[in-house]
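To start, the structure itself, in structure tokens.
The values are calculated or read from the model by the stated rules, or taken from the named source; none is laboratory data. Being a predicted model, the structure only gives us computed values, none of them experimental. FYI the Cβ positions are ideal-geometry reconstructions off the backbone, even for glycines, and counts take in every protein chain you see.
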Amino acid sequence: MGNKTFPRGGGHIPHRKDATKNKPVMAMPAPQQAVIPLSQHAGAPCRPVVKVGGRVKLGQKIGEAEQYVSAPVHASVSGEVVEITERPLLDGTKSMCVIIENDGLDEAEPLVAQDYSRLSVSQIAELIREAGVVGLGGAGFPTHVKVEPPKPVDTVLINGAECEPYLTCDHRLMLEQPHKLIEGLKILMQAVGARQGIIGVEVNKPEVIRVLEQACAEQSYVRVAGLKVKYPQGAEKQLIKAILGREVPSGGLPADVGCIVQNVQTAVAVTDAVVHGVGLYQRVITVAGAAVYDPRNVLVRIGTPIRDVIDFCGGMGNPAAIIAGGPMTGQLVQDLTAPVVKPLSGILVLSKDEISYELNQPCIRCARCIDHCPMGLQPNFLADWSNKGLYDQAERNHIMDCIECSLCSYVCPAKRGLCRSIQAGKQVVRAGKTAV
Amino acid sequence: MEDSRLVLSPSPHVRDEDTTQKIMLTVVAALIPVWAAATYFFGFNSIRLVFVSIIAAVGSEAVFLALRRKPVTVWDGSALVTGMLLGLSLPPTLPTWMAVLGSFVAIVIGKQVFGGLGANPFNPALVGRAVLAASFTSQMTAWTMPFTDAVTSATPLVSGQASYAELFFGTVPGSLGETSALAILLGGVLLFYRGILDYRIPVGFIGTTAILSFVFGQDVVYQLLSGSLLFGAVFMATDMVTSPITPVGRWVFGVGCGLVLVVIRFWGSLPEGLTYSILVMNAFTPLINRWTRPRIYGQVVKQV
């Protein structure tokens, strides 16, 4: 089964996955009104290509990406475009959204199956781009950019670690759609010219490893790597180190060490995009936490309001916080009318007993943040310098190498907001660089 | 939903259960066997000095935090630990008011004037002890035999008259907490098991002392078990605030403590050098931290 891991730092955090990991994914009915943001990815927002009053079909492109680092968006219901306006997103900021009144017909273009084996690299990249596929693990980085790496790549890694507590959507997808996942992996390998594909899975999912090993049994160039259960095993750089033993250079890309990493659900979306020509208009998200009555994984249309998704899972009791994503790196949901977007992996409705927050007591220099940092940084100093505005010193000491996994804040006995301070410092350093 | 209040806090939204207070109280728990042994050997004096030191330390902390207009955070347990450590490092017959003075100095001059918890460069308990040792030399070196109040002239480190077994169990004259190696090791194991004690510092400290004792022809076991080396290496040198934060730095710190201790023991005019060995190395802690920054992920690859 294997027990690969990254050598430095990391730590054990509670999994809290039992409530959802054994329940099959359930499809949720499409919303009455889909609110589809024109920016659901890292990079430039889209330009709307539909007009108010116009009819759209399910999966039709409604926002066109005009820059390379961007991705188009698609209608997740069929019906009439009733408004193109600013609406609040999960984090409370407002963004332009296309609002479609669902006619309930799910009318779509007929699907055409395609043999991808004869497609060129740029044809595959174009199909992925056209379908609006972006990193579905949380970052939302456009996938077509990743499949045209600046350097030769020999390995495609699929990130099935899912090391964040609560989240089980990748777990369920790997169990329920192993062949689609492996097909997506093969398409990605063909696109980048890789000779091997490896799916990394934490060994706390033995049934997943069994299913995937069976599914890969006939292909010698695709295999499963068992990973030790340790946070943040699913962080890109840690995953590469764990599986391939390669270290991405500071400030560099995975392609610098000959690999690319894709999330499980992204690979499945790649299969849909390239084989079936289907735009990305739905995804699986985990709805969990003690304050939601019926926690489960839900196949949900992009643009469905968060409140509807929670209601579909039985509604909520008395939550202390609602989080978009995992509890280590996710953000607080500021507005329940905000829609599900492509990079959203989970909605956690947490009770008071499950949540813990910052106290910012004095640092006692216990060095746990240093011992646990998977990048070998000194979070206590970096946070301190950021708070004091000593950004040059923070930059010299590699603040930009922080992967923002939040493990430093997790282990801190004084409950200091280390990662938050470092994130703020990184923003200033980044802004200073672009200003020059 | 409408009437419930949501928490607004940045990620992470889950955190480890360990807190500063739990760490401090675990240190207190680890000191309990030591205090129990001291009370068994030295009776009421042990209870008197440790209690008084704790009360004076916590009281000084509360008063000075109030004077500094800071939240009175005495419940974090740090002053409790300082008071307990100081009390256990005192000779059994020391007058009560001296213990009070020592605790006051430890908390106020050793800790609060630097900005309180986490900001002090020197181990507060050792600052208190150093001031007492310099001010009241004869009282601070008046030792009694266990189970008696009879003052003797010297600890085994000076007299050289004790069996290994006596040193191990602690039936020798000395400061309250330093005599029983057994009790100290029990506490040390608890701290190690709970992830509070980094083995590098005590191993570096005790190992260096052992090697140098051997090199200079001393009785190695006797050098390790007598005096306050074990107590200091386990409980004082490992103070998180005043010791280095890098793994390599902790080795450097431990070895450095051993070097200074041996120089004082073998060639200095003091019989025991534990207090000063740790205080000297505390002063080097920021430099050690600076010199021993670990390589980060991806760093060397880029430079090649």
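Restricting attention to region A:20-64, the residues being of a type in the set (A, V, I, L, M, F, W, C), in a loop (DSSP other than H, G, I, E, B) and over 25 Å from A:CYS169 (Cα atoms) number 5.
Cβ-Cβ contacts under 8 Å between residues 6 or more apart (or on different chains), taken from a first residue in region A:1-17 that is aliphatic (A, V, I, L, M) to a second residue that is modelled with pLDDT of 90 or more and not in a loop (DSSP other than H, G, I, E, B), are listed as A:MET1/A:PRO206; A:MET1/A:ILE209; A:MET1/A:GLY226; A:ILE13/A:TYR231; A:ILE13/A:LEU407; A:ILE13/A:TYR410. Checked against (1) among the charged types (D, E, K, R); (2) at the interface with chain B (Cβ under 8 Å from one of its Cβ atoms); (3) farther than 30 Å from B:LEU117 by Cβ, A:LYS342 passes all but a single condition, namely (2).
Only a single item in (1) within 14 Å of chain A (Cβ to nearest Cβ); (2) over 14 Å from the mean Cα position of the chain (by Cα); (3) on the phi < 0 side of the Ramachandran plot is not met by B:PHE122, and it is number (2). Considering only region A:313-320, I want to know if a residue exists there that is surrounded by fewer than 18 Cβ atoms within 10 Å (Cβ to Cβ), under 30 Å from B:GLY118 (Cβ atoms) and polar (S, T, N, Q). No, every residue in region A:313-320 fails to be surrounded by fewer than 18 Cβ atoms within 10 Å (Cβ to Cβ), under 30 Å from B:GLY118 (Cβ atoms) and polar (S, T, N, Q).
The condition (being within 18 Å of A:PRO305 (Cβ to Cβ), within 21 Å of the chain's Cα centre (by Cα) and surrounded by fewer than 18 Cβ atoms within 10 Å (Cβ to Cβ)) is satisfied by just one residue among A:GLY92, A:GLY104: A:GLY92.
The criterion of at least 2 residues that are within 14 Å of another protein chain (Cβ to nearest Cβ) and surrounded by 24 or more Cβ atoms within 10 Å (Cβ to Cβ) is met by the following helices (runs of 4 or more DSSP H) wholly inside region B:23-118: B:78-88. Considering B:ALA125, B:ALA134, B:ALA119, the condition of being in contact with a Ser or Thr (Cβ under 9 Å, 6 or more places away or on another chain) and either hydrophobic (A, V, I, L, M, F, W, C) or modelled with pLDDT of 95 or more (or both) is satisfied by B:ALA125 alone.
Taking first residues from region A:81-107 that are under 20 Å from A:VAL56 (Cα atoms) and in contact (Cβ under 8 Å) with a residue 60 or more places away in the chain and partners that are surrounded by 13 or more Cβ atoms within 10 Å (Cβ to Cβ) and basic (Lys, Arg), the Cβ contacts under 6 Å between residues at least 6 apart in sequence or on separate chains come to A:CYS97/A:ARG87. Which one of the conditions (1) under 22 Å from B:VAL234 (Cβ atoms); (2) within 14 Å of chain A (Cβ to nearest Cβ); (3) not in a helix (DSSP H, G or I) does B:ILE288 fail to meet, given that it meets all the rest? Going through (1) under 22 Å from B:VAL234 (Cβ atoms); (2) within 14 Å of chain A (Cβ to nearest Cβ); (3) not in a helix (DSSP H, G or I) one by one, B:ILE288 breaks only (3).
The residue that is farthest from the other protein chains (Cβ to nearest Cβ), among those in region B:125-147 that are in contact with a helix residue (DSSP H, G or I) (Cβ under 9 Å, 6 or more places away or on another chain) and β-branched (Val, Ile, Thr), is B:THR144.
Kindly indicate the residue of region A:370-402 that is among the aliphatic types (A, V, I, L, M) and more than 9 Å from chain B (Cβ to nearest Cβ) and also nearest to A:LYS433 (Cα to Cα) among those meeting that condition. So, considering only residues that are among the aliphatic types (A, V, I, L, M) and more than 9 Å from chain B (Cβ to nearest Cβ), the one nearest to A:LYS433 (Cα to Cα) is A:MET400. Going through (1) more than 24 Å from A:GLY330 (Cα to Cα); (2) crowded, with 24+ Cβ neighbours inside 10 Å one by one, A:LEU227 falls short only on (1). Close Cβ contacts (under 9 Å, 6 or more residues apart or on different chains) running from residues in region B:151-178 that are closer than 18 Å to B:ILE264 by Cα and without any contact (Cβ under 8 Å) to a residue 12 or more places away in the chain to residues that are surrounded by fewer than 15 Cβ atoms within 10 Å (Cβ to Cβ) and among the small types (Gly, Ala, Ser) comprise B:SER159/B:SER153. Screening A:ALA324, A:ALA320, A:ALA338 for residues that are in contact with a Gly (Cβ under 6 Å, 6 or more places away or on another chain) and hydrophobic (A, V, I, L, M, F, W, C) leaves exactly one candidate, A:ALA324.
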